[in-house]
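Trainee: Input: one structure, supplied below.
The values are calculated or read from the model by the stated rules, or taken from the named source; none is laboratory data. Small disclaimer: the values here were computed from a predicted structure and weren't measured. Ideal geometry is used to build each Cβ from the backbone, glycine not excepted, and the neighbour counts take in all protein chains shown.
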Amino acid sequence: MATMNVVLNYLGIPIEKKYLDILLDGKDHSGDIEYSMIKHVLEFPPEHLSKDILERYVEISGKETYTAIFPHTDKLFERFLTPFKSAKRMYCLGEYLASIELSAHLGEMLALLVWQITPITFNKKPFEAVMEKAFLGSEFERMGQEKRINILKAMDTISQSDEQLFDHLRSTRRKYFHFWSTSTENIKDDALQCFLKAATLVKNILKIEYDKGAVKINPLLEAYLAKHKAVP
């Protein structure tokens with residue numbers, strides 16, 4: 001069985017709101033796993049943070065967003081894990097516009113990852129960059145996100161529900177970054193929904209499972225990592 005490098009609890013763990021009462025009781029809780037996870041994600045000791053920030057951390061740290069294990073390579077860390085954690089941190093700090101941007105960025109990286117790991121051939125030959133330009137008008141990486149999503153769906157490499165998640169991230173980012181008329185009245189909820197949808201996409205695409213002591217991931221991703229020497 002192949003082995004792989006992984007990171008544990010990179011985005012923290014689910015924390016219940018009642019823990020905040022314990023955390024803010026004035027005692028030393030630096031030995032708590034919850035304390036260390038909050039400090040890891042937010043990069044500040046929890047006692048130096050406002051209650052509003054901590055409440056947003058709890059709000060965005062539910063079980064539906066929790067993934068205990070992520071495969072780790074330098075490229076995945078730079079392009080995927082770092083912006084994912086930053087999106088969560090920015091939401092907690094009340095930087096909603098930054099959180100939306102980072103969540104949408106993660107959506108773009110996931111679309112590129114799907115393209116990278118999916119074996120696409122034409123006349124039994126790999127669909128390389130020169131063919132992308134000839135048949136699609138541009139290399140996939142250099143396309144706009146809307147066109148990427150349409151191509152992935154047309155080639156049946158993503159589901160209809162994932163297409164909707166990708167498009168929500170794209171359209172929300174566009175709404176806030178390209179239109180003068182956009183109201184910021186709902187920006188907090190939009191930022192939360194973007195992060196939650198990005199987290200769902202992560203689960204759907206990476207397909208990470210932990211079964212009887214073994215970590216399993218999307219077979220396409222595993223094959224891609226093995227091909228690029230990221231799986232020992």
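Trainee: Under the condition of being of a type in the set (A, V, I, L, M) and in a strand (DSSP E or B), which residue from region 197-231 is surrounded by the fewest Cβ atoms within 10 Å (Cβ to Cβ)? Lay out the reasoning, then the answer.
Mentor: Going through region 197-231, the residues of a type in the set (A, V, I, L, M) turn out to be 198-199, 201-202, 205-206, 208, 214-215, 217, 220-221, 223, 225-226, 230-231.
From what's left, in a strand (DSSP E or B): 214-215.
On the way: 214: 9, 215: 16.
Result: 214.
Trainee: Starting from residues that are at pLDDT 85 or above and small (Gly, Ala, Ser), keep the ones in region 105-136 and report whichever is nearest to residue 86 (Cα to Cα).
Mentor: 107
Trainee: Hey, another quick one. Quick one: residue 69 ticks every box in (1) surrounded by 15 or more Cβ atoms within 10 Å (Cβ to Cβ); (2) within 25 Å of residue 190 (Cα to Cα); (3) not acidic (Asp, Glu) except a single one, so which number is it?
Mentor: Here residue 69 meets the rest and fails (2).
Trainee: Provide a single number: the residues in region 128-153 that are among the β-branched types (Val, Ile, Thr) and within 15 Å of residue 113 (Cα to Cα). Don't jump to the end; show me each part of the working.
Mentor: Step one: filter region 128-153 for residues among the β-branched types (Val, Ile, Thr), giving 130, 149, 151.
Filter once more, keeping what is within 15 Å of residue 113 (Cα to Cα): 149, 151.
Qualifying residue count for the region: 2.
To keep it simple, each residue is scored yes or no on (1) under 23 Å from residue 10 (Cα atoms); (2) not acidic (Asp, Glu).
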site	(1), (2)
171	no, yes
175	no, yes
178	no, yes
185	no, no
199	yes, yes
206	yes, yes
210	yes, yes
214	yes, yes
227	no, yes
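Trainee: What residue, among those in region 127-147 that are under 22 Å from residue 99 (Cα atoms) and in a helix (DSSP H, G or I), is nearest to the chain's Cα centre (by Cα)?
Mentor: Filtering region 127-147 for residues under 22 Å from residue 99 (Cα atoms) gives 144-146.
Then drop every residue that is not in a helix (DSSP H, G or I), which leaves 145-146.
On the way: 145: 16, 146: 18 Å.
Among those residues, the one meeting the criterion is 145.
Trainee: Only one of 68, 104 is closer than 23 Å to residue 148 by Cβ and of a type in the set (A, V, I, L, M). Can you tell me which? Even if it seems obvious, please write down each step before you answer.
Mentor: Values: 68 fails: closer than 23 Å to residue 148 by Cβ.
Of 68, 104, the one residue that is closer than 23 Å to residue 148 by Cβ and of a type in the set (A, V, I, L, M) is 104.
Trainee: A further question follows. Under 8 Å between Cβ atoms, at least 6 apart or on separate chains: pull out the pairs that start in region 219-232 with a residue that is within 15 Å of residue 203 (Cα to Cα) and of a type outside the set (S, T, N, Q) and end on any residue that is at pLDDT 80 or above and assigned to a loop (DSSP other than H, G, I, E, B).
Mentor: 220/118; 220/119; 221/207
Trainee: Quickly run through region 11-54 and pick out the residues that are under 18 Å from residue 188 (Cβ atoms) and either surrounded by 16 or more Cβ atoms within 10 Å (Cβ to Cβ) or under 21 Å from the mean Cα position of the chain (by Cα) (or both). Break it down stepwise before answering.
Mentor: Residues of region 11-54 under 18 Å from residue 188 (Cβ atoms): 17, 42, 49-54.
Listed by number, the residues that qualify are 42, 49, 53, 54.
Trainee: Could I ask something else about it? Whether any residue in region 53-63 is assigned to a helix (DSSP H, G or I), under 30 Å from residue 219 (Cβ atoms) and touching a residue at least 40 places away in the same chain (Cβ under 8 Å) is what I want to check. If you could, list the steps in order and put the result at the bottom.
Mentor: So in region 53-63, the residues assigned to a helix (DSSP H, G or I) come out as 53-59, 63.
Then keep just the ones that are under 30 Å from residue 219 (Cβ atoms); that gives 63.
Okay, now just the ones that are also touching a residue at least 40 places away in the same chain (Cβ under 8 Å), so 63.
Looking for residues that are assigned to a helix (DSSP H, G or I), under 30 Å from residue 219 (Cβ atoms) and touching a residue at least 40 places away in the same chain (Cβ under 8 Å), one finds at least one in region 53-63, hence yes.
Trainee: When residues of region 11-44 are filtered for being in contact with a helix residue (DSSP H, G or I) (Cβ under 6 Å, 6 or more places away or on another chain) and farther than 13 Å from residue 57 by Cβ, how many remain?
Mentor: Of the residues in region 11-44, 1 are in contact with a helix residue (DSSP H, G or I) (Cβ under 6 Å, 6 or more places away or on another chain) and farther than 13 Å from residue 57 by Cβ.
Trainee: Return a yes/no flag: does region 195-209 have any residue that is of a type outside the set (A, V, I, L, M), within 24 Å of residue 64 (Cβ to Cβ) and over 16 Å from the mean Cα position of the chain (by Cα).
Mentor: As a first pass, look at region 195-209 and keep what is of a type outside the set (A, V, I, L, M): 195, 197, 200, 203-204, 207, 209.
If we keep only those that are within 24 Å of residue 64 (Cβ to Cβ) as well, we get 195, 197, 200, 203-204, 207, 209.
After this cut, where a residue has to be over 16 Å from the mean Cα position of the chain (by Cα) as well, the list is 209.
Checked against the condition, which is being of a type outside the set (A, V, I, L, M), within 24 Å of residue 64 (Cβ to Cβ) and over 16 Å from the mean Cα position of the chain (by Cα), region 195-209 yields at least one hit.
Trainee: Please work out if residue 84 is touching a residue at least 60 places away in the same chain (Cβ under 8 Å), buried (at least 20 other Cβ atoms within 10 Å of the Cβ) and not in a helix (DSSP H, G or I).
Mentor: On the way: touching a residue at least 60 places away in the same chain (Cβ under 8 Å): yes; buried (at least 20 other Cβ atoms within 10 Å of the Cβ): yes; not in a helix (DSSP H, G or I): no.
Taking the combined requirement at face value, the residue does not satisfy it.
Trainee: I'd like the residue in region 73-96 that is touching a Lys or Arg at 6+ places or on another chain (Cβ under 7 Å) and among the hydroxyl-bearing types (Ser, Thr, Tyr) and, out of all such residues, is farthest from residue 57 (Cα to Cα).
Mentor: Only one residue fits best here, namely 96.
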